[in-house]
1. Would you mind getting me the FRET efficiency between R62 and K37? Use the beta-carbon distance for r and R0 = 25 Å, nearest 0.05.
2. Taking 25 Å as R0, compute the FRET efficiency from the Cβ-Cβ separation of L1 and N135 and round it to 0.05.
3. When the Kirkwood radius is taken over all Cα pairs of the stretch 1-101, what Stokes-Einstein diffusion coefficient follows at 4 °C and 1.567 mPa s, in µm²/s?
4. For the stretch 15-141, with the dipole built from +1 on Lys and Arg beta-carbon atoms and -1 on Asp and Glu ones, taken about the Cα centre, which of L26, I136, A40 lies farthest toward the positive end?
5. Does anything in the stretch 88-115 have its amide N under 11 Å from the 7 Å Cα→Cβ label point of L51, and if so which residues?
6. Mind jotting down a quarter of the surface of the convex hull over the alpha carbons of the stretch 42-130, in square nanometres, one decimal?
7. Note down the magnitude of the dipole of the chain about its Cα centre, charges +1 on Lys and Arg C-beta and -1 on Asp and Glu C-beta and zero elsewhere, to the nearest 20 debye.
8. Check A35: other-chain or 5+ apart residues with amide H under 5 Å from its amide H, H built from backbone geometry?
Amino acid sequence: LSVTAEECAATADEAQKLGLQEGTKLMRCNKLCAANKHPAIYCEDMFDARLLREPVTDKSFRAPIFQLLQDNCRINCFMDISQLKPIVATEELAEILQIAPGTPLMYIEEVDFDVDGNPVLFSRQYFVNDYFQYNIIRKRL
């Protein structure tokens, strides 16, 4: 597991997803997870930096992001809306995931909400298909 965290300014897309103004200071965590010692998942998590109640370090982000939000920000993610779509690796993603550019990936874009319906976390997740199988269960309510 490789983890880096930094403050950055929200892009227009990120701000829109989180219900913030463009340029708002975000806390961004980038994680690279391995399967069989090979990079398998690259994840970018971001949230409004003003939610932090205590200082954080890269080590603070080694646990699941939901744990950090709960412990440090006093926020519980209640639900998420995720969009899944197949993409191909860009040069940048290929370098991070140590795969060839153009390799198929599963991309998941997720917005998590608190119990009041406020967006609190925006994530971009890239999965190397060699390590995952996707199943969908559909149920009529």
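1. Numbers: r = 18 Å, r/R0 = 0.73.
Efficiency at R0 = 25 Å is approximately 0.85.
2. Working: r = 25 Å, r/R0 = 1.00.
Computed FRET efficiency for L1 and N135 comes out at 0.50.
3. Taking Rh from Cα pairs, D becomes 86 µm²/s.
4. Value computed over the given set: I136.
5. 111-115
6. Working: hull surface 25.9 nm².
So the Cα hull casts an average projection of 6.5 nm².
7. On the way: 15 positive and 21 negative charges, 108 e Å.
Computed charge dipole of the chain: roughly 520 debye.
8. A40
The values are calculated or read from the model by the stated rules, or taken from the named source; none is laboratory data. Since this is a predicted model, take the numbers as computed values, not measurements. Backbone-built Cβ (ideal geometry, glycine too); neighbour counts: all protein chains shown. Calculation scope for accessible area: heavy atoms of the full protein, side chains included, ligands and nucleic acids excluded. Shrake-Rupley method; radii C 1.70, N 1.55, O 1.52, S 1.80 Å.
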